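In what follows, a single structure is set out as structure tokens and then discussed.
The values are calculated or read from the model by the stated rules, or taken from the named source; none is laboratory data. Note that the structure is a prediction, hence the values are computed from the model and not measured. Note that each Cβ is placed from the backbone with ideal geometry, even for glycine, and that neighbours are counted across all protein chains shown.
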């Protein structure tokens, strides 16, 4: 499962990181849904810092029927990242909105971004609509490029 989740979670980091540098911090199965939390080394001026990606998915034999990243944490020391993940995740499970953790613990989602389940990536909110790339912007303006 780790090898199947790694390319989704690593994204652009996949070329620089190795799968061995990622650590499972949260693994909880509820019915078909798997809740996961993986920490990875953070690019930081301070040594031994990690950031984490926490999400949920429904695994299938050939991939994932559903995949969503719930939140990314800020950079924390390796020895405290698991406590941060578990604290925010358990509060989220109880219904606490993630924006209440924005200032201290969570880097995404922020007020200007959300996770697009269809595209499997974070997107920015601009004004009252969402623009994912330049092509979509031109298409909305009615110009083919």
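Suppose the filter is loosely packed, with under 11 Cβ neighbours inside 10 Å and either within 21 Å of residue 68 (Cβ to Cβ) or modelled with pLDDT under 85 (or both); does residue 133 pass it? Here the answer is yes, as residue 133 does meet what is asked. In the range 72-110, the residue that is modelled with the lowest pLDDT out of those that are in a helix (DSSP H, G or I), farther than 17 Å from residue 55 by Cβ and more than 15 Å from the chain's Cα centre (by Cα) is 100. Looking across the range 111-127, the residues that are over 12 Å from the mean Cα position of the chain (by Cα) and either under 13 Å from residue 67 (Cβ atoms) or in a loop (DSSP other than H, G, I, E, B) (or both) come down to 111, 112, 118, 119, 127.
Taking every residue in the range 17-28 that is in the same structural domain as residue 93 (by TED's automatic domain parsing) and pairing it with any residue that is buried (at least 16 other Cβ atoms within 10 Å of the Cβ) and at pLDDT below 70, at least 6 positions away or on another chain, the pairs with Cβ-Cβ distances below 7 Å are 17/10; 19/6; 22/6.
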